[in-house]
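S.K.: Got a structure here, written out as structure tokens. Questions coming.
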Amino acid sequence: MVSLKTIVFASLAALAAANPIGLEKRQGTGGITSVTCGSNRYTVSQLNAATSRGCQLYASGQTVGSNNYPHTFNNREGLPLETSGPYQEFPILKSGSVYNGGSPSTDRIVFNPSYNGACVYVGAITHTGASGNNFVSCRTT
């Protein structure tokens, strides 16, 4: 005879598999509602869209734009990110469009293409307020 506990557990396991945890929650950033890079504010939806596109391009070995995004982010500045590397950077645009070439502007998302077998968002960075071609972290809200 099958116990009620077994049925409940199997049902919950099936539900969890059908509804994977959102990107921001997997990285311990479930409290994020937005990030601000300089004066540009980005929603979690925009962060997810940019990350998704960067991950898709990375997985297929493709790049876009004259700077070949996504490309390696070495984190020479030592910025705090949600996981250890490797890191890739990809533009995020204040227009709300997903980057597909042209000017990358100043803001980027950073993702780890191989965190526990998944491609995940690990932070947002900007040239705004940084010296030279360096980056600073965006503010999380």
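Every number in this text was worked out from the coordinates using simple rules, so none of it is lab data. In this text the structure is predicted, and so the values were computed from the model without any measurement. Cβ sites come from the backbone with ideal geometry, for glycine too, and all protein chains shown count toward neighbours.
Each row is one residue, and each column tells you yes or no for (1) touching a residue at least 60 places away in the same chain (Cβ under 8 Å); (2) in contact with a Pro (Cβ under 7 Å, 6 or more places away or on another chain); (3) of a type outside the set (Ser, Thr, Tyr).
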| position | (1), (2), (3) |
| --- | --- |
| 92 | no, no, yes |
| 96 | no, no, yes |
| 106 | yes, no, no |
| 109 | yes, no, yes |
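S.K.: Okay, next question. Just one of (1) in contact (Cβ under 8 Å) with a residue 60 or more places away in the chain; (2) closer than 23 Å to residue 134 by Cβ trips up residue 33, so point out which.
M.R.: So residue 33 meets the others, but not (2).
S.K.: Can you name every residue in region 121-141 that is in contact with a Ser or Thr (Cβ under 7 Å, 6 or more places away or on another chain) and not hydroxyl-bearing (Ser, Thr, Tyr)?
M.R.: 122, 123, 125, 127, 135, 136, 138, 139
S.K.: Does region 74-113 hold any residues that are within 11 Å of the chain's Cα centre (by Cα), under 17 Å from residue 139 (Cβ atoms), surrounded by 19 or more Cβ atoms within 10 Å (Cβ to Cβ) and not aliphatic (A, V, I, L, M), and which are they?
M.R.: Listed by number, the list holds a single entry, 108.
S.K.: Kindly evaluate residue 114 against the criterion of being outside any strand (DSSP E or B) and closer than 16 Å to residue 54 by Cβ.
M.R.: Considered against the rule, which asks whether it is outside any strand (DSSP E or B) and closer than 16 Å to residue 54 by Cβ, residue 114 comes out as no.
S.K.: Would it be correct to say that residue 44 is surrounded by 15 or more Cβ atoms within 10 Å (Cβ to Cβ), free of Cβ contacts under 8 Å to residues at least 24 places away in the same chain and under 18 Å from residue 33 (Cα atoms)?
M.R.: yes
S.K.: Within region 38-89, can you find the residues that are under 22 Å from residue 131 (Cα atoms) and hydrophobic (A, V, I, L, M, F, W, C)?
M.R.: Correct list: 73, 79, 81.
S.K.: Can you pull out the residues in region 116-127 that are surrounded by 13 or more Cβ atoms within 10 Å (Cβ to Cβ) and either more than 21 Å from residue 44 (Cβ to Cβ) or basic (Lys, Arg) (or both)?
M.R.: 127
S.K.: Could you figure out which of (1) closer than 15 Å to residue 50 by Cβ; (2) in contact with a strand residue (DSSP E or B) (Cβ under 9 Å, 6 or more places away or on another chain); (3) small (Gly, Ala, Ser); (4) surrounded by fewer than 18 Cβ atoms within 10 Å (Cβ to Cβ) isn't true of residue 130?
M.R.: (1)
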